[in-house]
Amino acid sequence: MNIRLTAAALAASVALAAGSAAATDLEVTHWWTSGGEAAAVAELAKAFDATGNKWVDGAIAGSGGTARPIMISRITGGDPMGATQFNHGRQAEELVQAGLMRDLTDVATAEKWKEIIRPSSLLDSCTIDGKIYCAPVNIHSWQWLWLSNGAFKTAGVDVPKNWDEFVAAAPALEKAGIVPLAVGGQPWQASGAFDVLMLAIGGKETFLKVFGEKDAEAAAGPEIAKVFKAADDARRMSKGTNVQDWNQATNMVITGKAGGQIMGDWAQGEFQMAGKKAGEDYTCLPGLGVTEVIATGGDAFYFPLLKDEEKSKAQAALASTLLNPATQVAFNLKKGSLPVRGDVDLAAANDCMKKGLDILAKGEVVQWTDQLLSADSQKQKEDLFSEFFANPSITPEDAQKRFVDIIASAD
């Protein structure tokens, strides 16, 4: 991360983008609606508007699980937006195969995306049959445990350094009237928490064997049984959360009503909006303090195929703007994620973001479940863990058996 962006360089890049397309309105749909997310989106809109075009915001509340079906329905129903967020991976695979999405290979080639996007797996996830269909904008890693320093002080125990210490501290937190682990009611939160436990406790090799190779025998094995034991601990510790949205659960940590939350690095945006400082007000443990590996999942923008030539030009301008160095810095600092370019300066990054950058620099990365599993398999997994966290009568053993069936039929 060694290139410092100057005002002159930014002005030149904006002027170049502005000259590349006639001005037009472009509707952009996404599910970034929390305070921190909205601040980050504003940076994308500002950069695109500087090209002479106009970002028409199409935010859909309720997270990706709510937004994606709406986005897909519009595209397949003949009412496409100009651009739309998905997680880079397999969520738009069927739309591409149906010929409904624009091929961005010309833009990617002209701007040398293969040379600047790191790790290369990000662009690989945008590539189908040798053609590039999306523009990655960030690296979002799920593998974080966010801890309220104030909550542990209130409970009279030290801030944990790893998952086992966190579990051991749970009784003290409960005695102080603090929910140990905040897990919101949306299915993807419970499923994501399990996936994080899988990577941290099961390890990278086991994680890839199960989700990458779809090895049902490994999914039925003793290593995964340990993961389900940890998920049972997480379920017990999350009792009493009583919120639905992920950012509401994050707010419980921010306000000291919860000891911690397993959530992606997008939670940093909420801490930042609340004026909290990493290392002082809150602590972040990548890989739950057990396995310091981060996934190279994240967000990308796809562009539905449009008949309007001017809007098509605006699409190209937006794709270019999203990968612009200045845009990458401004957006990711607000979002809490890491940039997809390896040549931008992030001197302003906080302690938690720097931890992520260090792990990325060491190459301790893995593809995430959005990239390894189809949308249908992901949905089955979400349904299982949503039920598991909500229903204590489901034993870890029974849940593991159902999980094995999902992996056995996964694509």
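The values are calculated or read from the model by the stated rules, or taken from the named source; none is laboratory data. Quick caveat, the model's predicted, so the values are computed rather than measured. With ideal geometry, Cβ positions are generated from the backbone for all residues, glycine too; neighbour counts draw on all protein chains shown. We work out accessible area using only protein heavy atoms, side chains counted, and drop any ligands, DNA or RNA first. Shrake-Rupley method; radii C 1.70, N 1.55, O 1.52, S 1.80 Å.
Averaging 1/r across all pairs of distinct Cα atoms in region 152-282 and inverting the result yields a Kirkwood radius of 15.5 Å. Ligands, DNA and RNA are left out, and with a 1.4 angstrom probe the accessible area of region 138-247 is 38 Å² per residue.
Distance distribution P(r), the chain, all Cα-Cα pairs, bin width 10 angstrom from 0: 5, 23, 32, 25, 12, 3, 0 percent. Semi-axes of the equivalent ellipsoid for region 82-178, computed as √(5λ) from the eigenvalues of its C-alpha gyration tensor and ordered from largest down, come to 45, 15, 11 Å. Taking the Cα atoms of region 335-411, the ratio Rg/Rh between the radius of gyration and the Kirkwood radius comes to 1.15.
Remark: relative contact order (region 301-411) = 16 percent; criterion is Cα-Cα distance under 8 angstrom and separation of 6 or more residues. Subtracting the Cα-Cα distance of ALA110 and ASN162 from their residue separation scaled by 0.36 nm leaves 14.2 nm. Under a GNM of the chain (C-alpha, springs under 10 Å), which listed residue has the highest mean-square fluctuation: SER312, SER73, SER125? Among SER312, SER73, SER125, the largest GNM mean-square fluctuation belongs to SER73. Residue-normalised convex hull volume from the C-alpha trace of region 35-119: 143 Å³ per residue. For region 249-349, the fraction of C-alpha pairs farther apart than 19 angstrom is 56 percent. Shown in residue order for region 386-398 are the 3J(HN,Hα) couplings computed by the Karplus curve 6.51 cos²θ - 1.76 cosθ + 1.60 at θ = phi - 60°: 5, 5, 4, 6, 8, 10, x, 6, 7, 6, x, 5, 5 Hz (x for Gly and Pro).
Rank these residues by their accessible area, most exposed first, probe 1.4 Å: ARG235, ARG90. Present the calculation step by step, with values, prior to reporting the outcome.
Details: ARG235 20, ARG90 60 Å².
Final ranking, largest accessible area leading: ARG90, ARG235.
For the chain, adding -39500 (n - 2.57) for each run of n ≥ 4 DSSP H residues and dividing by the number of residues yields -14000 deg cm²/dmol at 222 nm.
Kindly work out what percent of the DSSP beta bridges joining two residues of the chain are antiparallel, to the nearest 5. Mind showing how you got there, number by number?
On the way: 21 of 34 bridges.
So the antiparallel bridges amount to about 60 percent of the total.
Compare GLN261, GLN186, GLN315 in a GNM of the chain, Cα atoms joined below 10 Å, and give the one with the largest fluctuation. So, out of GLN261, GLN186, GLN315, the one fluctuating most is GLN186. Which percent of the accessible heavy-atom area of the chain goes to carbon and sulfur, probe 1.4 angstrom? Using a 1.4 Å probe with all protein chains present, the chain comes out at 51 percent carbon and sulfur.
Within the listed set ALA50, ALA151, ALA200, the Gaussian network model of the chain (springs between alpha-carbon atoms below 10 Å) gives the highest mean-square fluctuation for ALA50.
As an exercise, use a Förster radius of 35 Å and the Cβ-Cβ distance of ALA38 and THR76 to find the FRET efficiency, rounded to the nearest 0.05. About 0.80, to the nearest 0.05.
Reported to the nearest whole Å, the Cα centre-to-centre distance from region 88-136 to region 21-58 is 21.
Accessible surface computed residue by residue for region 283-405, with neighbouring protein chains in place and a 1.4 Å probe, gives 36 Å² per residue.
In debye to the nearest 20, how big a dipole does the chain give about its Cα centre with +1 on each Lys and Arg Cβ and -1 on each Asp and Glu Cβ?
Details: 38 positive and 51 negative charges, 146 e Å.
Charge dipole of the chain: 700 debye, to the nearest 20.
Mean sequence separation of contacting Cα pairs (under 8 Å, at least six apart), scaled by the length of the chain, corresponds to a relative contact order of 29 percent. In straight-distance terms, cross-link reach from LYS257 covers every one of the lysines whose alpha-carbon lies under 16 Å from its own, apart from those fewer than eight places away in the same chain; here that gives LYS153, LYS175, LYS239, LYS276.
Please report the equivalent ellipsoid semi-axes of region 209-271, computed as sqrt(5 x eigenvalue) of the Cα gyration tensor, largest first, in whole Å. Can you show the working numbers first?
Working: eigenvalues 177, 45, 14 Å².
Result for region 209-271: semi-axes of 30, 15, 9 Å.
Applying the Karplus relation 6.51 cos²θ - 1.76 cosθ + 1.60 with θ = phi - 60° to region 261-277 yields 3J(HN,Hα) values of 8, 8, 7, x, 5, 5, 4, 4, x, 6, 4, 5, 4, 7, x, 8, 10 Hz, where x marks Gly and Pro.
Dividing the convex hull volume of the alpha carbon atoms of region 18-73 by its residue count, what do you get in Å³ per residue? Working shown, then result.
Working: hull volume 4.2 nm³, N = 56.
Cα-based convex hull of region 18-73, divided per residue, equals 74 Å³.
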